[in-house]
């Protein structure tokens, strides 16, 4: 199915006014399971610890986030072992009920906010059941709305993977009319999903802004392979388009936050509460360019976004040590997430970020058969003596974990031993 800038959907299946058939989606089932699992005292405690890290204060304990890599999107229905974006949480609890209920491919979730909400709520049930510092936030998984505002078509498969078979020209992108964003491209559909989510959310669960792609990821998808020649042949025009894309992101983030009632200067990002910064910037495409080109074309847009929202969150997969140096020195950036933490020395990266007033958010790789105490001890070292260099989630080996409560007890005991208050 093509989802284009001018596509329409049957209002009987997309309206938030209750016209479509709710009975086909057992939404109340997952809402009941989550309502039973939500522990408000735990959420408040974890939120306070995360906020202390974001603000450079010393929490009582460095936060640790636990979960199990289950999601309801039926990519691998034989084991339902799916990954929820870059939040690869381990050390949590298996969700046996997930196999007992129907699940819906992404193509149906795009057309039905009830089905999408149902699926994303399954994705956080393990987080809710583990007594860790993880927060509970979800997002509408329609992350390419910025592209559709420029008239870019994309296709999406049942697993939710999107690709862009028809890049547009640089001149067409620059001259695109983006004056009416609320009525442009896929934005009305995103707004409809957001409003439905807000009307049907479980107490204790937050809804995050659906924009996850940064300006360079967007321009890469927009222009396709031609981008890499245009960076050399038409650098001035690339700067113009990057600025235009950044402006559209700012306007859309503000629009979506207004609907959600979320502060411009904070963000809900999966299990993370970003208390200092209101925007997420996904920038995986940057690893294909030189550090110098990154500094010229991408860093100014990253800074502008973070300045507009009092800070921000940066995610990229890959290994990019020179780019990382520029990110560390970015004045307004708040935290960095590595999509492949096993490629990095997380302790050294967290130390560098801390020295620049930032923190690391993400996993640190657990080696095969590594004893849990040694693994957690390394994690405590990453967080440092003030317990605020990182917000960590367990990552790296899905088996051989103790009960989450025992993991948290050990995590706290090791901090008391290594860095007494």
Exercise. Does the stretch 113-123 include one or more residues that are closer than 28 Å to residue 43 by Cα and in a loop (DSSP other than H, G, I, E, B)?
Worked result: yes
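For (1) surrounded by fewer than 17 Cβ atoms within 10 Å (Cβ to Cβ); (2) farther than 25 Å from residue 109 by Cα; (3) touching a residue at least 40 places away in the same chain (Cβ under 8 Å); (4) in contact with a helix residue (DSSP H, G or I) (Cβ under 7 Å, 6 or more places away or on another chain), each residue gets a yes or a no:
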site	(1), (2), (3), (4)
32	yes, no, no, no
41	yes, yes, no, no
46	no, yes, yes, no
49	no, yes, yes, no
54	no, yes, yes, no
58	yes, yes, yes, yes
62	no, yes, yes, yes
Problem set entry | Out of 241, 231, 223, 227, sole residue that is part of a helix (DSSP H, G or I), surrounded by 16 or more Cβ atoms within 10 Å (Cβ to Cβ), over 22 Å from the mean Cα position of the chain (by Cα) and free of Cβ contacts under 8 Å to residues at least 12 places away in the same chain | 227
For this session: Output yes when any residue across the stretch 274-281 is within 17 Å of residue 221 (Cα to Cα), assigned to a strand (DSSP E or B) and either in contact with a helix residue (DSSP H, G or I) (Cβ under 9 Å, 6 or more places away or on another chain) or modelled with pLDDT of 95 or more (or both), and no when none is.
Result: yes
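Can you tell me how many residues within the stretch 176-190 are part of a helix (DSSP H, G or I) and either surrounded by fewer than 21 Cβ atoms within 10 Å (Cβ to Cβ) or free of Cβ contacts under 8 Å to residues at least 40 places away in the same chain (or both)?
Just the residues of the stretch 176-190 that are part of a helix (DSSP H, G or I), to begin with: 181-183, 187-190.
If we keep only those that are either surrounded by fewer than 21 Cβ atoms within 10 Å (Cβ to Cβ) or free of Cβ contacts under 8 Å to residues at least 40 places away in the same chain (or both) too, we end up with 181-183, 188.
Count: 4.
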Exercise. If we scan the stretch 401-417, do we find a residue that is outside any helix (DSSP H, G or I), surrounded by 19 or more Cβ atoms within 10 Å (Cβ to Cβ) and touching a helix residue (DSSP H, G or I) at 6+ places or on another chain (Cβ under 8 Å)?
Worked result: yes
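Every residue, every condition in (1) within 29 Å of residue 200 (Cα to Cα); (2) free of Cβ contacts under 8 Å to residues at least 24 places away in the same chain; (3) assigned to a helix (DSSP H, G or I), yes or no:
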position: 126; (1), (2), (3): yes, no, yes
position: 132; (1), (2), (3): yes, no, no
position: 135; (1), (2), (3): yes, no, no
position: 140; (1), (2), (3): yes, no, no
position: 143; (1), (2), (3): yes, no, no
position: 147; (1), (2), (3): yes, no, yes
position: 155; (1), (2), (3): yes, no, no
position: 168; (1), (2), (3): no, no, no
Seminar exercise, completed: Taking the stretch 144-159 and the residues there that are surrounded by fewer than 21 Cβ atoms within 10 Å (Cβ to Cβ) and modelled with pLDDT under 90, the one that is nearest to the chain's Cα centre (by Cα) would be 159
Problem set entry | Meets criteria (part of a helix (DSSP H, G or I) and within 30 Å of residue 125 (Cβ to Cβ)) for residue 258 | yes
Seminar exercise, completed: The correct count of residues that are within 15 Å of the chain's Cα centre (by Cα) and either modelled with pLDDT of 85 or more or farther than 25 Å from residue 382 by Cα (or both) in the stretch 83-106 is 1
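The values are calculated or read from the model by the stated rules, or taken from the named source; none is laboratory data. A quick note: this is a predicted structure, and the numbers were derived from the prediction, not measured. Note that each Cβ is placed from the backbone with ideal geometry, even for glycine, and that neighbours are counted across all protein chains shown.
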